[in-house]
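Q: The structure that follows is given in the form of structure tokens.
Throughout, read-outs are computed from the coordinates displayed, never taken from laboratory work. Keep in mind it's a predicted model, so treat the numbers as computed, not measured. Note that we place each Cβ from the backbone using ideal geometry, even for glycine, and neighbour counts take in every protein chain shown.
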Amino acid sequence: MLFNLEYDRGNVLEGYLIPDGFSDKPQIRVSDADGDLMVLPCNQVKQAVIDSGRHEDGLVGFKLDTTVIPDLAKRTSLMIHDAKSGLLIYRRPQTPNIVPLKVLRLETQLLPMVKFDYHCGRHFQYELSSVERFGHETALQAFHLNAIRSIYISGRLLMRNYEEFLDKGFKVIVLLTDPYYELALRIFLLKRMAKTQISFFGDRDKIILAPAAEHLAEVNLESEASLKMALKKAPQNVRNVLVSPITRQLATTIPEQTVTRSDVATAIDLLSRFAVVGFDTDSFYFQQAVGELLGISVDDFPLTPRHSALENIATRLRSLHIAELMLEEDLIFDHYVREAMKPKAPDLPQTIKNPHAKTSH
């Protein structure tokens, strides 16, 4: 899906929404702080879209003016969404003090930090959380919103595909977690997925994760033997979901790509370009660093605490050699990043650094 706002002059604005389907008829949902105003079909022809073969009839443009919304210029909280998917296309600044930055929060956990993203995203003009739900092309479009200077994106992305945007003004923040805890979380969620719908998984996620959910459906999370057997017998499409996920996110460009030890250096090199890197075991540091970067209060940043049940599963996984093998790259990555982030001891006073120096009496 491609989308953008071409201009907003107060009493008239114009943009486009190119759907995934060649023959689909896109519609926009227009709303403001008081609720929905209308649903409109995109009725402006974009000849370039026809010429490029992206859409059957090119009716992908939209235009709002005072004939459609008489008091358009006064609608300071105006928002435009794709009527089908709910994707935010454009919104006017919601507060006078929007954060004048372009920020990506790289999600590394299978469980998204929804409340944190809401808390941060509302301070930006444009926000798009869990962007992986919409696919690579739509994610790229969000990075390409050149008419907007205040953007907050979050998602579980293969970061190498978006590295170029670090040179185009985007600041990246990431909260890392212990590899065994993340493996425990993934096994727990995938087992649950086999029995019930999980709302924050998009259609693409469901396709990729389905084999792993089926494989882990009957695993006994309280049994080391059961966990060991499930990991040992995991086929490749299941291993792709479980093996060193953070190294994979930072070093690969496609979900099926395997990772090796040589990818750890690539992952660390990319991580070194991020604006804020934190660990969930020191949430205070992460909150303070994000607050300073964005210039907003950190007092009520809602970070999800660790769950004791998942901690127990992680403890069992730590005793399994097969789990260590599956997390090998992430464990190496985790070790070097933690070492690099350790506070450095201040230089010792000269009198201590030179204990044999002569002194006068």
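Q: What is the ratio of the Cα radius of gyration of the range 77-165 to 2.2 N^0.38 Å, with N the residue count, to two decimals?
A: Against the empirical 2.2 N^0.38 Å value, I get 1.03 for the range 77-165.
Q: Which of HIS55, THR76, MET38 sits farthest toward the positive end of the charge dipole of the range 1-92, with +1 on the Cβ of Lys and Arg and -1 on the Cβ of Asp and Glu?
A: In the range 1-92, that residue is THR76.
Q: While we're looking at this one, here's another question. Given bins 10 angstrom wide, list per bin the percent of all Cα-Cα distances in the range 174-322, short to long.
A: 10, 33, 36, 18, 2
Q: Over 23 Å between Cα atoms, which of LYS25/LYS206; LYS171/LYS206; LYS195/LYS233; LYS195/LYS228 qualify?
A: The answer is LYS25/LYS206; LYS171/LYS206.
Q: If each of PHE22 and VAL39 carries a label point 7 Å out from its Cα toward its Cβ, how far apart are those two points in nm?
A: Each label point lies 7 Å from its Cα, and together they span 2.6 nm.
Q: Follow-up. Once you charge only the Cβ atoms, +1 for Lys and Arg and -1 for Asp and Glu, what is the size of the charge dipole of the range 1-92 about its Cα centre, to the nearest 20 debye? Don't jump to the answer; show the numbers that get you there.
A: Details: 11 positive and 14 negative charges, 37 e Å.
Computed about the Cα centre, the dipole is about 180 debye.
Q: Provide the convex hull volume over Cα atoms per residue for the range 1-92, in Å³.
A: In the range 1-92, the Cα convex hull volume per residue is 82 Å³.
Q: Can you give me the angle between helix 203-215 and the longest principal axis of the chain, using Cα atoms only, in degrees from 0 to 90, rounded to the nearest 10?
A: 40 degrees
Q: Which chymotrypsin sites (Phe, Trp or Tyr not before Pro) from the range 147-228 combine a DSSP loop assignment with at most 13 other Cβ atoms within 10 Å? Working shown, then result.
A: Numbers: sites: TYR152, TYR162, PHE165, PHE170, TYR180, TYR181, PHE188, PHE200, PHE201; in loops: PHE200, PHE201.
Listed in order of number, the matching sites are PHE200.
Q: Among rounded, prolate and oblate, which fits the range 1-41 when a ≥ b ≥ c are the square roots of the eigenvalues of its C-alpha gyration tensor, a/c under 1.5 means rounded, and a/b larger than b/c means prolate?
A: Since a/c reaches 1.5 but b/c is at least a/b, the shape of the range 1-41 is classed as oblate.
Q: Another question, then. Provide the gained length on full extension for the span THR66 to LEU140, in nm with one decimal, where the gain is 0.36 nm per separating residue minus the Cα-Cα distance.
A: Numbers: separation 74, 0.36 × 74 = 26.64 nm, distance 3.20 nm.
Roughly 23.4 nm would be gained on extension.
Q: Any number yet on Rg/Rh for the range 68-112, C-alpha, Kirkwood?
A: Using Cα coordinates only, the ratio equals 1.09.
Q: Rounded, prolate or oblate: which one fits the range 256-311, using the alpha carbon gyration tensor with axes a ≥ b ≥ c (rounded when a/c is under 1.5, else prolate when a/b beats b/c, else oblate)?
A: In terms of gyration-tensor shape, oblate.
Q: Quick one: check the C-alpha center-to-center distance for the range 2-32 versus the range 293-308, whole angstrom.
A: After rounding, the separation between the Cα centres reads 34 Å.
Q: Fewest first, what order do MET79, MET341 take by the number of other Cβ atoms within 10 Å?
A: With the fewest neighbours first, MET79, MET341 line up as MET341, MET79.
Q: Could you state the orientation-averaged shadow area of the convex hull built on the Cα atoms of the range 24-149, in nm² to one decimal?
A: Average of the hull's projected areas for the range 24-149 equals 9.0 nm².
Q: Calculate the all-directions average of the projected area of the chain's alpha-carbon convex hull, and give it in nm².
A: 25.3 nm²
Q: Next question. Taking neighbour counts of Cβ atoms within 10 Å as a proxy for exposure, in what order, fewest first, do ARG306, ARG9 appear? If you can, show how the numbers build up before the last one.
A: Working: ARG306 15, ARG9 10.
Starting with the residue having the fewest Cβ neighbours, the order is ARG9, ARG306.
Q: What is the magnitude of the charge dipole of the range 222-312 about its Cα centre, with +1 placed on the Cβ of each Lys and Arg, -1 on the Cβ of each Asp and Glu, and no other charges, expressed in debye to the nearest 20?
A: Once rounded to the nearest 20, the dipole reads 620 debye.
Q: Before anything else, pin down the relative contact order of the range 1-92: Cα pairs under 8 Å, at least 6 apart, normalised by residue count, whole percent.
A: The value is 31 percent.
Q: How about the range 238-292: which trypsin sites (Lys or Arg not before Pro) there lie in a loop by DSSP and see at most 16 other Cβ atoms within 10 Å?
A: For trypsin sites (Lys or Arg not before Pro) across the range 238-292 that sit outside H, G, I, E and B with at most 16 neighbouring Cβ atoms in 10 Å, the list reads ARG261, ARG273.
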